[in-house]
Amino acid sequence: GAVVSQHPSRVICKSGTSVKIECRSLDFQATTMFWYRQFPKKSLMLMATSNEGSKATYEQGVEKDKFLINHASLTLSTLTVTSAHPEDSSFYICSARDYLGTDTQYFGPGTRLTVL
Amino acid sequence: GENVEQHPSTLSVQEGDSAVIKCTYSDSASNYFPWYKQELGKRPQLIIDIRSNVGEKKDQRIAVTLNKTAKHFSLHITETQPEDSAVYFCAASRPTDSWGKLQFGAGTQVVVTP
């Protein structure tokens, strides 16, 4: 149980284009999902908290107009990187907490974004 | 906000020896402390967690201890095996009024040599 999927696993795009990443909880309902960014050999940096049916809460320094988050259902959250640039290249990982409110976060497999 | 420090950044151990990773946190309101293992290019996997009402928890070769007074917690891996080689992250979170956001430590690269 407690499986989180992400799609795509890897994406290469041209500078200036937008990329959408999906995060799904497959066998549980997630009222809260989190989006992280991870640089090589670095820790997970929280970008934003996504709550079903409400606006996402962004961490300090994260541009909300650049990283659009939508959490339209209890099993799906999306992150759209708008007008991507090479500096946005990174490993993006989502996690989900179940609707029962336990503390445990289950992580998706991550999406490797490369912007040319 | 919460700040989690993790030491050491790298740890090399001989197979069969024990490994200990230590973390300190700053927010006394934090009450949940998970440990994640991440292999290269893979997702972080929860290996053990502890809540503030417990001082120690063990699961086979893995144990976690928590000292609330000193605000530090540690991961202990006994009888290490090559498959224990990975990056380990500690984390801390406050009660659910902050949606359970996790603040991660910087990570420890553990290398177990046969």
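So here's what we get for this one:
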read-out	value
Pair list, Cβ < 8 Å and 6+ apart or interchain, from the stretch B:8-22 residues that are among the charged types (D, E, K, R) to residues that are open to solvent by 70 Å² or more (accessible area, probe 1.4 Å) and part of a loop (DSSP other than H, G, I, E, B)	B:15/B:114
Test set (1) within 29 Å of residue B:4 (Cβ to Cβ); (2) of a type outside the set (Phe, Trp, Tyr); (3) modelled with pLDDT of 95 or more - residue A:19 fails condition number	(1)
Residue among B:46, B:40 that is more than 19 Å from residue B:65 (Cβ to Cβ) and open to solvent by 40 Å² or more (accessible area, probe 1.4 Å)	B:40
Lone unmet requirement of (1) within 14 Å of another protein chain (Cβ to nearest Cβ); (2) in a strand (DSSP E or B) for residue B:40	(2)
Candidates A:87, A:59, A:63, filtered to the one that is open to solvent by 20 Å² or more (accessible area, probe 1.4 Å) and over 30 Å from residue B:10 (Cβ atoms)	A:63
Pair list, Cβ < 7 Å and 6+ apart or interchain, from the stretch A:100-116 residues that are within 11 Å of chain B (Cβ to nearest Cβ) and assigned to a loop (DSSP other than H, G, I, E, B) to residues that are open to solvent by 10 Å² or more (accessible area, probe 1.4 Å) and modelled with pLDDT under 85	A:101/B:96
Residue ID - farthest from residue A:59 (Cα to Cα), chosen from residues in the stretch B:92-114 that are β-branched (Val, Ile, Thr) and within 13 Å of chain A (Cβ to nearest Cβ)	B:108
Residue within the stretch B:92-113 that is closer than 25 Å to residue A:49 by Cβ, part of a strand (DSSP E or B), open to solvent by 20 Å² or more (accessible area, probe 1.4 Å) and at pLDDT 95 or above present	no
Candidate set: the stretch B:26-37, residues that are within 14 Å of chain A (Cβ to nearest Cβ) and within 15 Å of residue B:95 (Cβ to Cβ); chosen: the one surrounded by the fewest Cβ atoms within 10 Å (Cβ to Cβ)	B:29
Pick from the stretch A:1-50, criterion in contact (Cβ under 8 Å) with a residue 60 or more places away in the chain and among the hydroxyl-bearing types (Ser, Thr, Tyr), ranking: surrounded by the most Cβ atoms within 10 Å (Cβ to Cβ)	A:25
Residue that is nearest to the other protein chains (Cβ to nearest Cβ) [pool: residues in the stretch B:76-91 that are surrounded by 17 or more Cβ atoms within 10 Å (Cβ to Cβ) and under 20 Å from residue A:41 (Cα atoms)]	B:89
Every residue from the stretch B:53-91 that is assigned to a strand (DSSP E or B) and among the acidic types (Asp, Glu)	B:56, B:59
Selection within the stretch B:1-25 - open to solvent by 40 Å² or more (accessible area, probe 1.4 Å) and modelled with pLDDT under 95	B:1, B:3
All positions within the stretch B:1-37 that are closer than 30 Å to residue A:6 by Cα and in a loop (DSSP other than H, G, I, E, B)	B:1, B:2, B:3, B:9, B:30, B:31
Selection count where residues are over 10 Å from the mean Cα position of the chain (by Cα) and more than 10 Å from residue A:71 (Cβ to Cβ), scope the stretch A:25-40	8
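The values are calculated or read from the model by the stated rules, or taken from the named source; none is laboratory data. From a predicted model like this one, the values you see are computed outputs, not experimental measurements. As a convention, Cβ positions derive from the backbone with ideal geometry for all residues, glycine included, and neighbour counts pool all protein chains shown. Accessible surface is based on the protein model in full, side chains and every heavy atom, while ligands, DNA and RNA are left aside. Shrake-Rupley method; radii C 1.70, N 1.55, O 1.52, S 1.80 Å.
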